[in-house]
Amino acid sequence: MLVLRDLVVPVDFESTSYQALAYAREVAGTFGARLHLIHVLDDTFVLPAGTEGTLSGVPELARRTEDDARERLDGLLTDAERKLDAVPAVVISPSPATAIVAYAERVQADA
């Protein structure tokens, strides 16, 4: 018998990812599985600025962007999903696909 406990749903805040989330909600409801919503931010926030180092405002921009993504993910979760320990995760990586697979492996996701 098929058993699903943890489902990873990549979210880029576009309509197709919302459709994937709707489908994942149905599957999670059927199996009582926990949802992991993951958003991958590109790691290009640290830009070289010549030999002087990096741009001073970039770390603050990166933090605000990450906080915003986390809030947006959290806003997508229902109260019921939160009670089932749904996880909003923001990851910084140059490769979304690699980051999503690594996250799924780390949480031992079933799908």
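What follows draws every value from the coordinates through simple rules; no lab data is involved. These figures come from a predicted structure and were not determined experimentally. Cβ coordinates were reconstructed from backbone atoms using ideal geometry, including for glycine residues, and neighbour counts include every protein chain displayed.
With the simple model of a label 7 Å out from the Cα in the direction of the Cβ, residue 70 to residue 18 spans 2.4 nm.
Using C-alpha pairs below 8 Å separated by at least 6 residues, the relative contact order for the chain is 36 percent. Only DSSP H runs of four or more residues enter the estimate; each adds -39500 (n - 2.57), and after division by the residues of the chain the mean residue ellipticity at 222 nm equals -15000 deg cm²/dmol.
Close amide H contacts of residue 36 (hydrogens built in the peptide plane, cut-off under 5 Å, sequence separation of 5 or more or a different chain): 7, 8, 9, 87. Given [x] 0.98; [y] 1.68; [z] 1.23, which label gives Cα Rg over 2.2 N^0.38 Å as computed from the coordinates? Evaluating Cα Rg over 2.2 N^0.38 Å on these atoms matches [z]. Residues whose amide H comes within less than 5 Å of that of residue 43, counting only those at least five positions distant or on another chain, are 93 (H built at 1.01 Å from N in the peptide plane). Dipole size of region 1-45 about its Cα centre, with +1 on Lys/Arg Cβ and -1 on Asp/Glu Cβ: approximately 340 debye, rounded to the nearest 20. In the elastic network of the chain, a GNM with C-alpha springs shorter than 10 Å, the most mobile of 66, 14, 81 is 14. If R0 is taken as 35 Å, the Cβ-Cβ distance between residue 110 and residue 60 corresponds to a FRET efficiency of 0.40. Within the shell of other residues whose beta carbon sits under 12 angstrom from the beta carbon of residue 28, the net charge comes to -2, with Lys and Arg scored +1 and Asp and Glu -1. Rounded to the nearest 20 debye, the dipole magnitude of the chain is 320 debye, with +1 charges on Lys and Arg beta carbons, -1 on Asp and Glu beta carbons, and the Cα centre as origin.
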